[in-house]
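Since the structure comes first, as structure tokens, the remarks are kept for the end.
The values are calculated or read from the model by the stated rules, or taken from the named source; none is laboratory data. What you see is a predicted model; the values in this text were computed from it and never measured. For neighbour counting, all protein chains shown are included, and Cβ atoms are generated from backbone atoms with ideal geometry for every residue, glycine included. Just the protein is used for accessible areas: all its heavy atoms, side chains included, with ligands, DNA and RNA removed. Shrake-Rupley method; radii C 1.70, N 1.55, O 1.52, S 1.80 Å.
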Amino acid sequence: MSKKKETSSDVEHWLYAYEQMAKIREFEEKVNELYMKALMPGLAHLYSGQEAVAVGVCEALHLDDYITSTHRGHGHCLAKGAAVDRMFAELLGKEAGFCKGKGGSMHIADPDSGNLGANAIVGGSMGIATGAALSAKMRGSGQVAVCFFGDGAVAQGLLYEVMNMAALWKLPVIYVCENNNYSEYTHRSETLAGEIIARAQAFGIHAETVDGQDVQLVQETMQKLVDRARRGEGPAFLECLTYRYYGHHVGDINRTYYRSKEEEHDWRENHDPLKLLAEKLIAQKLTDRAVLDKILADVATEVEAGMQFAINAPFPNPSEVNEDVYV
Amino acid sequence: MSEREITFSEAIREALAEELRRDPRVFIIGEDVAEAGTPFKVLSGLVDEFGKERIIDSPISEPGFTGVGVGAAMTGMRPVVDIMFGDFLTLSMDQIVNQAAKVHYMSGGKLKAPIVFRTTMGATRRSAAQHSQSLQAWVSHVPGLKVVMPSTPYDAKGLLKTAIRDENPVVFIEDKLMYKMKGIVPAEEYLIPFGVADVKRKGDDITLVATSSMVQVALGAAEKLKEIGISAEVIDPRTTWPLDKQAMIDSAKKTSRVIVIDEGYEQYGVTAELASVIADGAFYYLDAPVKRMGAMNVPIPFSPVLEDLTVPTEETVFQMAKSLCQRS
């Protein structure tokens, strides 16, 4: 969550954003390792490459603002303020996990940080986010709700139903589309007609497209959208152009049939959100490599400790299998 | 207790009005719920007292407004979502089944969705295949949901108030043909707990377990059976989940013969689950196999001549009971 108010300067804030992005990157690297070593049950959809979107968006939010997340949701969860150790524990199906091991990678929720949950139905949380915004408006709480989804989810009809209602009722909801170009294993040129933001504009919803690899740009744009939503000026739509470094999920290794290695290399080399921010901060002489390396080292230590905690944590007691079905 | 006779739809409206007055978190959302008061006029007048902020007319977007309801429920509100025809549950199924029903479990008990999905059921309104189904089996199948099927104005009011106060998602299914039916309803507040069956008529020779619209059919059949000397007991589970298994088993043990009647399709229907529970729990007491009567396994036809053949009637239940009791 935003440390903006707790820190004394802009540079400290952007170093924190760097740390958050680095944490997500490192977390996902470890998830990939766990999966490859067959230590992790199920599967995982890695967020690597898209860090600037989650961090830029969540840094514009308050702790009690809501987010809804997706199957590719580890980044959202960490960026909104969840702890690394309990996230790993959830991914490994352990009792100490955020959902006591009952949700796993695709259903992580942390209401304490405003995360209403990842969703394994593509586009499945669009109604929930819009309803959270309606609830905030009815309660007069001043909260906003953010709905994360990918370019693949733009093909779901639910989006158009809820954008219609959000526009009609001026709800404080921001639809954040992470356009990483791929709907699972298919390029968007095969799945999407027309422009993405034109869809929102058709409902009279304020919509913008930004470079989703630039965390500063994402946050600044998002801050404007959040402020207008809080002022009661209604919903907004933010398309972030981004890229996922890995496949659709951890097992999607051989993917040259749908995208080239050259394309992947280009994004990693020339559009990496961590590199981009580091270069900017160094060029502006706001920091130096040693400071950033120290952040990376500290993050690596934290993530390693979190992973070890989860590996050593106990599984749930079998008696829990039929608990929490009903309140 | 002072008693009055009111209609089923008045009982529903009273329950909603009382809960809207009691709890500011309660609101209604759905198609034509405000000034129109729904096509069935069940909600007429509520918007006058509670305003359009709490009686929210939505676009014709079942998945959309159902999902919006779920999100509001997860963040501190108590929505009552109006799904005009039970057939439209199919449109909202992802939001009900994958979202509302599972969010408590998936989050390890941290999130909850206290929400009521009010919808309708029932054939013989000449509304054909997409406005006549009784899909209670679909929702009764899903862990995390509770399913209520009232059969009288009294039950409707007490159960709906309980549904709104429940912390879980509840599907509340009303028989469209019952809206004008009158019954005794106390003026004082009361609640009816879930999972408690009601004996609608006491009897000794055969048990008729019936839900919603089929309760009146069973009571009519019981009256006819009495004329030929068969004493039928009519049990109404009132909620298909939680299910009062013991009440059905106890009655079956007493009478040794059972017919289960529900207006959903017979194939894989509510009757199958109830019959299984009874056969399992009263096996050594039964003198005949537990029989099931549901809607015929066809899409519901338009022509009145055909439609009337598809649902159990007093006469078909009477004939089935008579043959089970080996009377010719």
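Do we have B:Asp244 as in contact with a Gly (Cβ under 6 Å, 6 or more places away or on another chain) and acidic (Asp, Glu) here?
Values: in contact with a Gly (Cβ under 6 Å, 6 or more places away or on another chain): yes; acidic (Asp, Glu): yes.
It is true that B:Asp244 is in contact with a Gly (Cβ under 6 Å, 6 or more places away or on another chain) and acidic (Asp, Glu).
What number goes with the only condition from (1) of a type in the set (Phe, Trp, Tyr); (2) at the interface with chain B (Cβ under 9 Å from one of its Cβ atoms); (3) open to solvent by less than 10 Å² (accessible area, probe 1.4 Å) that A:Tyr160 does not pass?
(3)
Quick check on my filter: what residues within the stretch B:10-52 are more than 20 Å from B:Gly158 (Cβ to Cβ) and in a helix (DSSP H, G or I)?
Scanning the stretch B:10-52 gives B:Val47, B:Asp48, B:Glu49, B:Phe50.
Being under 14 Å from the mean Cα position of the chain (by Cα), over 16 Å from B:Lys110 (Cβ atoms) and not aliphatic (A, V, I, L, M) narrows it down to one of A:His13, A:His74, A:His107, so name that one. Steps first, answer last, please.
Numbers: A:His13 fails: under 14 Å from the mean Cα position of the chain (by Cα); A:His107 fails: over 16 Å from B:Lys110 (Cβ atoms).
Checking each option against the conditions leaves just A:His74.
Which one is nearest to B:Pro79 (Cα to Cα) among residues in the stretch A:110-129 that are facing chain B (nearest Cβ under 7 Å) and in contact (Cβ under 8 Å) with a residue 60 or more places away in the chain?
First pass over the stretch A:110-129, keeping only residues facing chain B (nearest Cβ under 7 Å): A:111, A:116-117, A:121, A:124, A:126-129.
Within this subset, residues satisfying the condition of being in contact (Cβ under 8 Å) with a residue 60 or more places away in the chain are A:128-129.
Details: A:Ile128: 13, A:Ala129: 15 Å.
Step by step, filter the stretch A:110-129, then rank; the result is A:Ile128.
Check every one of the strands (runs of 3 or more DSSP E) wholly within the stretch B:183-289 and list those with 2 or more residues that are open to solvent by 30 Å² or more (accessible area, probe 1.4 Å).
On the way: elements: B:198-201, B:206-210, B:232-236, B:239-241, B:258-265.
By residue number, B:198-201.
Quick test for you: out of A:Ala132, A:Ala145, pick the one residue that is out of contact with any Lys or Arg (no Cβ under 6 Å at 6 or more places or on another chain), crowded, with 24+ Cβ neighbours inside 10 Å, over 20 Å from A:Val55 (Cβ atoms) and at the interface with chain B (Cβ under 10 Å from one of its Cβ atoms). Spell out how you get there, then give the answer.
Values: A:Ala145 fails: over 20 Å from A:Val55 (Cβ atoms).
Result of the check over A:Ala132, A:Ala145: A:Ala132.
Of everything in the stretch A:34-89, what is among the acidic types (Asp, Glu), within 14 Å of another protein chain (Cβ to nearest Cβ) and surrounded by fewer than 24 Cβ atoms within 10 Å (Cβ to Cβ)? Give them in sequence order. Break it down stepwise before answering.
Of all residues in the stretch A:34-89, those among the acidic types (Asp, Glu) come to A:51, A:59, A:64-65, A:85.
Going one step further and asking which of them are within 14 Å of another protein chain (Cβ to nearest Cβ), we end up with A:64-65.
Selection gives A:Asp64 alone.
Let me spell it out: the conditions are (1) within 12 Å of another protein chain (Cβ to nearest Cβ); (2) at pLDDT below 95, and A:Arg188 meets all of them except one. Which number is the exception?
Condition not satisfied by A:Arg188: (1).
Can you tell me how many residues in the stretch B:136-160 are within 14 Å of the chain's Cα centre (by Cα) and open to solvent by less than 10 Å² (accessible area, probe 1.4 Å)?
15
I need a count of the residues in the stretch B:121-135 that are open to solvent by less than 40 Å² (accessible area, probe 1.4 Å) and of a type in the set (S, T, N, Q).
Residues in the stretch B:121-135 being open to solvent by less than 40 Å² (accessible area, probe 1.4 Å) and of a type in the set (S, T, N, Q): 4 in total.
Look through the stretch B:53-73, keep the residues that are hydrophobic (A, V, I, L, M, F, W, C), outside any helix (DSSP H, G or I) and open to solvent by less than 20 Å² (accessible area, probe 1.4 Å), and return whichever of them is nearest to the other protein chains (Cβ to nearest Cβ).
Our first condition is that a residue be hydrophobic (A, V, I, L, M, F, W, C); within the stretch B:53-73, this holds for B:55-56, B:60, B:65, B:68, B:70, B:72-73.
Those left that are additionally outside any helix (DSSP H, G or I): B:55-56, B:60.
Pick out the ones that are also open to solvent by less than 20 Å² (accessible area, probe 1.4 Å) and you get B:55-56.
Details: B:Ile55: 12, B:Ile56: 8 Å.
Ranking the candidates gives B:Ile56 first.
Just a yes or no: is a residue in the stretch A:237-250 more than 18 Å from A:Gly56 (Cβ to Cβ), in contact with a His (Cβ under 7 Å, 6 or more places away or on another chain) and either of a type outside the set (Phe, Trp, Tyr) or surrounded by 13 or more Cβ atoms within 10 Å (Cβ to Cβ) (or both)?
Of the stretch A:237-250, the ones more than 18 Å from A:Gly56 (Cβ to Cβ) are A:246-250.
Next cut, in contact with a His (Cβ under 7 Å, 6 or more places away or on another chain) only: A:248-249.
Adding the requirement that they be either of a type outside the set (Phe, Trp, Tyr) or surrounded by 13 or more Cβ atoms within 10 Å (Cβ to Cβ) (or both) leaves A:248-249.
Yes: one or more hits.
Could you tell me how many of the residues in the stretch A:239-254 are in contact with a strand residue (DSSP E or B) (Cβ under 8 Å, 6 or more places away or on another chain) and either within 17 Å of A:Gly73 (Cβ to Cβ) or part of a loop (DSSP other than H, G, I, E, B) (or both)? Before the answer, list the steps.
First, pick out the residues of the stretch A:239-254 that are in contact with a strand residue (DSSP E or B) (Cβ under 8 Å, 6 or more places away or on another chain): A:239-242, A:244, A:248.
Right, trim to either within 17 Å of A:Gly73 (Cβ to Cβ) or part of a loop (DSSP other than H, G, I, E, B) (or both) and you get A:240, A:242, A:244, A:248.
Total satisfying the criteria: 4.
Could you run through the stretch B:90-122 and say how many residues are on the phi > 0 side of the Ramachandran plot and away from every other protein chain (no Cβ under 11 Å)? Please lay out each step first, then the result.
Taking the stretch B:90-122 as the starting set, the residues that turn out to be on the phi > 0 side of the Ramachandran plot are B:108-109, B:122.
Then drop every residue that is not away from every other protein chain (no Cβ under 11 Å), which leaves B:122.
The number of residues fulfilling the criteria is 1.
Take the residues in the stretch B:90-105 that are among the aliphatic types (A, V, I, L, M) and without any contact (Cβ under 8 Å) to a residue 60 or more places away in the chain; name whichever of them is surrounded by the fewest Cβ atoms within 10 Å (Cβ to Cβ). It would help to see each step written out before you state the result.
So the first thing to find is which residues in the stretch B:90-105 are among the aliphatic types (A, V, I, L, M), and the list is B:91, B:93, B:96-97, B:100-101, B:103.
Those still in the list that are without any contact (Cβ under 8 Å) to a residue 60 or more places away in the chain too: B:91, B:93, B:97, B:103.
Working: B:Leu91: 16, B:Met93: 18, B:Val97: 18, B:Val103: 25.
Top of the filtered list is B:Leu91.
Does any residue of the stretch B:74-83 turn out to be part of a helix (DSSP H, G or I) and at the interface with chain A (Cβ under 8 Å from one of its Cβ atoms)?
In the first step, residues of the stretch B:74-83 are kept if they are part of a helix (DSSP H, G or I); the result is B:74.
Keeping just the survivors that are at the interface with chain A (Cβ under 8 Å from one of its Cβ atoms) gives B:74.
Yes, because at least one residue in the stretch B:74-83 is part of a helix (DSSP H, G or I) and at the interface with chain A (Cβ under 8 Å from one of its Cβ atoms).
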